[in-house]
1. Quickly run through the stretch A:3-18 and pick out the residues that are more than 7 Å from chain B (Cβ to nearest Cβ) and either at pLDDT 90 or above or touching a His at 6+ places or on another chain (Cβ under 6 Å) (or both).
2. Going by the structure shown, is A:Arg67 crowded, with 18+ Cβ neighbours inside 10 Å, more than 8 Å from every other protein chain (Cβ to nearest Cβ) and charged (D, E, K, R)?
3. Restricting to the stretch A:114-131, name every residue that is assigned to a strand (DSSP E or B) and without any contact (Cβ under 8 Å) to a residue 40 or more places away in the chain.
4. Of the numbered conditions (1) within 17 Å of C:Thr96 (Cα to Cα); (2) open to solvent by less than 60 Å² (accessible area, probe 1.4 Å); (3) of a type in the set (A, V, I, L, M), C:Ala141 satisfies every one except a single condition; which is it?
5. Of the residues that make up the stretch A:90-103, is at least one basic (Lys, Arg), closer than 30 Å to B:Ser85 by Cα and either within 18 Å of the chain's Cα centre (by Cα) or not in a strand (DSSP E or B) (or both)?
6. For residues that are buried (at least 21 other Cβ atoms within 10 Å of the Cβ) and within 9 Å of chain A (Cβ to nearest Cβ), scanning just the stretch B:181-193, find the one that is farthest from B:Val169 (Cα to Cα).
7. Give me the residue from the stretch C:119-141 that is assigned to a helix (DSSP H, G or I) and among the basic types (Lys, Arg) and, out of that set, modelled with the lowest pLDDT.
8. Among A:Val83, A:Val119, which is the only one that is at pLDDT 90 or above and either surrounded by fewer than 18 Cβ atoms within 10 Å (Cβ to Cβ) or of a type in the set (Phe, Trp, Tyr) (or both)?
Amino acid sequence: MSRSALDLWVGFFVVLGMAALLFLALRVGNLASANLSEAYTVKARFDNIGGLKVRAPVKSAGVVVGRVADISFDTQSYRAEVVLTIATRYAFPRDTSASILTSGLLGEQYVGLDPGADVDMLKPNDVLQITQSAVVLEKLIGQFLFDKASAPAN
Amino acid sequence: MSGAVVLLRRVGSVVNAGVARLGFAARFFLLLLRYSGQSLLRVHLTMREIYFSGVLSLLIIIVSGLFVGMVLGLQGYETLQRFGSGDALGVLVALSLTRELGPVVAGLLFASRAGSAVTAEIGLMKTTEQLKAMDMMAVNPLARVVAPRFWGGVVSMPLLAAIFSAMGVFGGWLIGVVFIGVDEGAFWSQMQAAVDFREDIVNGVIKSFVFGVAVALIAVFEGYDCEPTAEGVSRAITRTVVSSALAILALDFVLTSFMFRGVS
Amino acid sequence: MSDTTLVTLRDVRFAYGEREILQGVNLSVRRGQVVAIMGGSGCGKTTLLRLVGGQLRASSGSVSVGGRNLAHLSHAELYALRRRMGMLFQFGALFTDLSAFDNVAFPLREHTDLPSELVHDLVLMKLNAVGLRGAEHLKPAELSGGMARRVALARAVALDPMLIMYDEPFAGLDPISLGIIGQLIRRLNDALGASSIIVTHDVHESLDIVDYVYFVSNGRIVAEGTPDEIRVSTDPFVHQFVHAEADGPVPFHYPAPPFAERLFGQGVA
């Protein structure tokens with residue numbers, strides 16, 4: 001095989017490999033859509049985060065606007081402290097509320113943001129005041145049984 | 001009593017031989033890196049090896065990737081639709097491929113297609129005294145023969161794994177969207193929402209790079225170290241395929257446990 | 001002495017682990033000479049050649065080439081010395097993926113920055129010297145055994161070495177190729193003003209072309225002399241070797257206890 005034909009094949013191979021990588025990065029992965037290089041972080045404290053994980057999406061009206069950056073336990077308030085990273089182009093009012101929701105019955109958990117009506121916008125490192133914890137199935141069932149037991153018998 | 005002693009002695013000698021061989025391999029690797037500089041300067045030597053280990057492995061990688069993706073599409077849909085989440089097919093196909101199947105299966109194929117060929121070539125050069133002849137001509141075989149094959153493998157492997165994964169996603173799309181009729185928008189958007197560039201794709205590329213280094217090193221070492229007979233070469237080829245497969249699976253476990261710990 | 005002597009081995013010993021291959025060998029090759037080292041299979045001839053080429057290091061004693069003791073050379077110095085040595089391996093050891101032309105060009109391309117036209121001319125000259133200019137495009141697989149060895153010879157002399165070593169150059173050749181190789185060894189040696197060492201067990205072919213002969217047996221030099229001295233030698237070993245007798249100082253039987261003892265002693269139990 002001549003040198004130029006060999007170079008041609010190797011060039012073709014490398015370009016093909018690069019194209020595959022690019023396809024994986026842009027079409028399969030989220031490099032293009034969820035570029036959080038310009039983002040700000042806010043905190044929210046929850047009584048119970050259920051099964052929320054780091055990197056779970058943060059959605060508002062069903063649109064992904066950010067990611068969960070960190071989850072820790074606050075020993076002052078004995079609540080879970082969740083750090084949210086939100087893209088800079090999405091600004092939210094200060095009285096926005098955060099709740100932990102589940103996509104579908106068995107789906108993954110995410111943080112939902114419901115914008116409030118305040119005229120001031122959230123600033124970096126602000127704390128969301130209104131939060132709603134995850135729905136824990138065991139508690140729900142317990143509540144249900146308790147209600148049944150205490151209901152007056154017909 | 002004496003039976004136990006014999007057994008212990010045998011275990012000891014096997015362990016000793018294994019450790020000595022590992023030591024040889026480590027020293028070989030260091031020498032290889034030391035002599036890589038001069039051979040990397042002559043790019044066409046490595047280009048030729050990228051052709052032999054990369055371009056010639058393309059066909060098997062493309063075909064296998066396509067079929068693995070198609071099977072993932074069929075089986076995945078079958079299972080997912082029981083839970084009413086057939087739309088998540090894209091997520092299943094893409095995550096399985098980019099995180100695990102792409103690097104691992106491409107690595108196994110690479111070991112048996114390119115790794116065995118490299119071992120055979122170097123082993124044959126050793127058997128026919130070509131390496132010694134080169135050494136007598138004051139040309140270092142490590143720099144002239146071994147290093148280019150090693151780097152050719154290291155360059156080829158991540159590209160092959162990426163092509164494998166991309167073909168797999170295409171195969172999953174073909175079965176899921178075109179034949180079964182999963183919603184195209186849901187297929188891609190759920191995939192994009194779940195597959196993270198940094199966590200999944202970059203980690204997959206890192207894996208395939210590590211596998212490439214392991215397979216290429218095993219292949220050149222077995223060839224260079226083989227017994228210079230026809231039988232020795234064939235045994236070395238077998239060892240290349242077996243040790244590469246074991247190395248890939250063991251490294252995969254180690255890397256996975258570091259990379260995906262605590263993530264979903 | 002050192003001006004006319006190119007290779008000197010002084011009391012060289014060599015062992016693979018426990019097994020002693022060479023037990024004190026003294027040998028010298030003068031410039032311009034063709035020297036043969038003869039002996040039975042497995043007597044350490046090839047080991048001697050490896051020692052001179054620096055591929056093996058002597059356990060004790062000294063090996064010097066061109067006045068330099070090989071044991072004291074660094075890797076780079078040894079490589080510098082090897083550029084002035086050529087070696088013909090037993091089966092040629094041509095690079096199977098290169099054509100005859102590229103094989104001969106290999107040392108030139110690796111060690112010189114000559115322009116490609118000059119390399120081309122040099123290679124054709126070397127191939128012409130071994131009579132294979134017409135075979136430049138053939139791959140080693142397409143060459144016969146004798147032709148492959150001639151191409152390998154052209155490769156060995158590509159850099160005009162001062163010392164050419166031949167490992168069994170006559171093994172497995174038909175009588176015509178054998179004669180060609182023999183003549184080439186002599187002609188190339190004289191044309192290049194080099195010295196040659198031939199390791200062989202082919203007595204008659206080599207006695208015709210060499211200047212001096214060493215006989216090796218059991219790791220020692222057992223006889224030496226010019227071809228004429230060897231032909232008329234009364235030394236029992238040389239006599240057995242030159243006249244190809246089955247039994248003699250080199251016994252026909254591998255060392256074993258007496259046959260009768262083996263048959264009637266422990267054998268029946």
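The values are calculated or read from the model by the stated rules, or taken from the named source; none is laboratory data. Everything numeric here is computed off the predicted structure, so don't read it as measured data. Using ideal geometry, Cβ is built from the backbone for each residue, glycine included, and neighbour counts are taken over all protein chains shown. These area figures cover heavy atoms from the full protein model, side chains too; ligands, DNA and RNA do not enter into them. Shrake-Rupley method; radii C 1.70, N 1.55, O 1.52, S 1.80 Å.
1. Residues satisfying the conditions are A:Leu8, A:Gly11, A:Phe12, A:Val15, A:Met18.
2. On the way: crowded, with 18+ Cβ neighbours inside 10 Å: yes; more than 8 Å from every other protein chain (Cβ to nearest Cβ): yes; charged (D, E, K, R): yes.
Spelling it out, A:Arg67 is indeed crowded, with 18+ Cβ neighbours inside 10 Å, more than 8 Å from every other protein chain (Cβ to nearest Cβ) and charged (D, E, K, R).
3. The initial filter retains those residues of the stretch A:114-131 that are assigned to a strand (DSSP E or B), namely A:114, A:121, A:127-128, A:130-131.
Answer for the stretch A:114-131, where residues must be assigned to a strand (DSSP E or B) and without any contact (Cβ under 8 Å) to a residue 40 or more places away in the chain: A:Met121, A:Ile130.
4. The failed condition is (2).
5. Filtering the stretch A:90-103 for residues basic (Lys, Arg) gives A:94.
Remaining after also requiring closer than 30 Å to B:Ser85 by Cα: none.
Within the stretch A:90-103 (the criterion being basic (Lys, Arg), closer than 30 Å to B:Ser85 by Cα and either within 18 Å of the chain's Cα centre (by Cα) or not in a strand (DSSP E or B) (or both)), the answer is no, since none of the residues qualifies.
6. My answer is B:Gln192.
7. Quick first cut of the stretch C:119-141, residues assigned to a helix (DSSP H, G or I) only: C:119-129, C:133-135, C:140-141.
Keeping just the survivors that are among the basic types (Lys, Arg) gives C:126, C:133.
Details: C:Lys126: 88, C:Arg133: 85.
The qualifying residue modelled with the lowest pLDDT is C:Arg133.
8. Details: A:Val119 fails: at pLDDT 90 or above.
Only one candidate passes the filter, namely A:Val83.
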